[in-house]
Each structure stands twice: as C-alpha cells, then as structure tokens.
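Heads up, the thing below is written out as structure tokens.
The values are calculated or read from the model by the stated rules, or taken from the named source; none is laboratory data. For clarity, every value in this text was computed on a predicted model and none was experimentally measured. Because the Cβ atoms are built from the backbone with ideal geometry, glycine has one as well, and the counts that use them run over all protein chains shown. Areas reflect the complete protein model, heavy atoms only, side chains present, ligands, DNA and RNA absent. Shrake-Rupley method; radii C 1.70, N 1.55, O 1.52, S 1.80 Å.
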Amino acid sequence: QVQLVESGGGLVQPGGSLRLSCAASGSIVSINSMGWYRQAPGKQRDLVARSTGDSGSADYADSVKGRFTISRDIAKNTVYLQMNSLKPEDTAVYYCNADVAPRITLRYYNYWGQGTQVTVSS
C-alpha cells in the first residue's frame, strides 16, 4: 500500500511562516505529481499548489501566489509547502495528495494524506 504522511502544521501568528512536509511511503514505483490541498470548516477542499514531473512545473491557487512555494525531493518521495506571510484565512486542514504508480504497470492512482491542521491566529 501507499501512505502519505503530512507534518509541520501547527499554530502560527499572522505574518508568520510554516513549512509543511509530506512523505510518501510504501509500494512506490513512480510518483507523477504531488500537491497540497486545504479545507476550512464549511468549505470544500481546494487546490493550494501542485507540482508535476521533474520539470518543476507548479500550479498555485490565486490566494497563495507569491506567498507559498511548493517543492519536491524526488529521491525522498517528499513534497514541501513553504508558507510565508500567513493570514488567518489560511487556517485549514492541509492535505497532501499524490498520483502514485504502486506497480510496475506504471498506472497512476490518487492518494490522500490524513491532513495536518494549520491555524493562523494571534
């Protein structure tokens, strides 16, 4: 099986920074893309940022452009989200997501992590 485990969430003051990490483990042949999504109470789960392939191609939600940076360590099957200039509206559960090929057929399946809470408050 494949597991995605997030870490790095917590409580931070407005204007502060956090760095989230997500490590994929288990039966992994290849990972095509990894990304971050978030869900605030009463809202749907939305894309924050996603990185695809080895090209460094990344997509960001408009609300985080210029503040958040996604990066990957391919060898470690890990994705990071550097979050700067955090705002109260960034408060949410942040979920890691990945397209993973767990078998040599190289068909990709989508997996979710359990989520990590990010709270931005004074």
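Below 14 angstrom from the Cβ of residue 71, what's the summed charge of the other residues (Lys, Arg +1; Asp, Glu -1)? The partial results should precede the final answer.
Values: positive: 19, 50, 72, 76; negative: 54, 59, 73.
Counting the neighbours of residue 71, the net charge comes to +1.
Under a Cβ-Cβ cut-off of 12 Å, what is the net charge of the residues other than residue 93 that fall near it, where Lys and Arg count +1 and Asp and Glu count -1?
Working: positive: 38, 43, 45; negative: 6, 46, 90.
Charge balance in the 12 Å sphere: 0.
Considering Cα pairs under 8 angstrom that are at least six residues apart, work out the relative contact order of the chain and quote it in whole percent.
37 percent
Can you tell me what percent of all Cα-Cα pairs in the chain are more than 22 Å apart? List each step's numbers first, then the result.
Working: 2213 of 7381 pairs.
For the chain, the share of Cα pairs beyond 22 Å comes to 30 percent.
Please list 88-94, 10-16, 58-64, 78-84 highest first by mean number of surrounding beta-carbon atoms within 10 Å per residue.
Packing proxy ranking, top to bottom: 78-84, 88-94, 58-64, 10-16.
For region 74-122, what is the convex hull volume of the alpha-carbon atoms per residue, in Å³?
96 Å³
With the other protein chains left in place, how much accessible area per residue, in square angstrom, belongs to the chain at a 1.4 angstrom probe?
52 Å²
Take residue 29, project a point 7 Å from its Cα along the Cβ direction, then tell me which residues of region 65-90 have their backbone nitrogen under 18 Å from it.
Of the residues in region 65-90, 77 have backbone N under 18 Å from the label point off residue 29.
Please give the Cα centre distance for region 1-54 versus region 86-100, rounded to the nearest Å.
Region 1-54 and region 86-100 have Cα centres spaced 6 Å from each other.
Can you give me the % of accessible surface on region 1-108 that is carbon or sulfur? Probe 1.4 Å, all protein chains present, nothing else counted. The partial results should precede the final answer.
Details: 2660 of 5580 Å².
That share works out to 48 percent.
Out of region 13-58, which trypsin sites (Lys or Arg not before Pro) are coil in DSSP terms and have no more than 12 other C-beta atoms within 10 Å? Don't skip to the end; give the middle numbers.
Details: sites: 19, 38, 43, 45, 50; in loops: 43, 45.
Passing both the DSSP loop test and the Cβ count: 43.
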